[in-house]
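Have a look at the structure below, then the notes.
The values are calculated or read from the model by the stated rules, or taken from the named source; none is laboratory data. This one's a predicted model, so the numbers in the text were calculated from it and none came from an experiment. Quick reminder, even Gly has a Cβ in these numbers, built from the backbone with ideal geometry, and neighbours come from all protein chains shown.
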Amino acid sequence: MTRKVLSASLLLAALVTVASGCKKEKDTRALITVVNKAGNRIPGAYVKLYADPVPPLQSDFSRLTKEGYTDASGQVEFDYTEFYKQGQAGFAVLDILASHDTLVGEGIIRINEEETNEETVTLAPQEH
């Protein structure tokens with residue numbers, strides 16, 4: 001009986017050691033807040049994140065494009081966890097395009113791996 005208990009204890013200790021040695025990847029997210037010139041948050045605004053690489057980069061960055069609408073608090077969150085691989089140095093810098101009715105705004109967000117990255121975009125009437 002004690003031999004079984006000892007074997008089970010050693011097996012459990014080994015499993016705990018192995019499981020604690022695995023580093024869980026944290027989420028990589030982008031949180032965009034859309035406001036007007038007065039600083040009021042705008043619910044229902046369209047937001048698009050996309051990569052706009054400068055030549056000579058030939059890779060297809062369209063996989064990083066995400067679109068959505070702000071919630072009642074004027075925010076939208078995009079999850080990029082699936083694109084990040086542990087050990088990767090750097091991740092992405094993405095352009096932001098936001099609009100609501102006749103208002104538009106642009107920005108840039110740097111996506112750091114395993115963090116919630118935040119940026120605010122201010123909407124204003126479109127200039128012609």
Is it true that Pro43 is in a loop (DSSP other than H, G, I, E, B), surrounded by fewer than 17 Cβ atoms within 10 Å (Cβ to Cβ) and at pLDDT below 95?
no
Within the range 103-116, residues at pLDDT 95 or above and either surrounded by 15 or more Cβ atoms within 10 Å (Cβ to Cβ) or not acidic (Asp, Glu) (or both) come out as Leu103, Val104, Gly105, Gly107, Ile108, Ile109
Selection count where residues are at pLDDT 95 or above and of a type in the set (Phe, Trp, Tyr), scope the range 70-84:
1
For Gln126: the one exception among (1) modelled with pLDDT of 90 or more; (2) over 17 Å from Asp27 (Cβ atoms):
(1)
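Per-residue answers, yes or no, for (1) modelled with pLDDT under 95; (2) of a type in the set (Val, Ile, Thr); (3) part of a loop (DSSP other than H, G, I, E, B):
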{"site": "Val16", "(1), (2), (3)": "yes, yes, no"}
{"site": "Gln58", "(1), (2), (3)": "yes, no, yes"}
{"site": "Arg63", "(1), (2), (3)": "yes, no, no"}
{"site": "Gly68", "(1), (2), (3)": "no, no, no"}
{"site": "Gln86", "(1), (2), (3)": "yes, no, yes"}
{"site": "Ala89", "(1), (2), (3)": "yes, no, yes"}
{"site": "Asp95", "(1), (2), (3)": "no, no, no"}
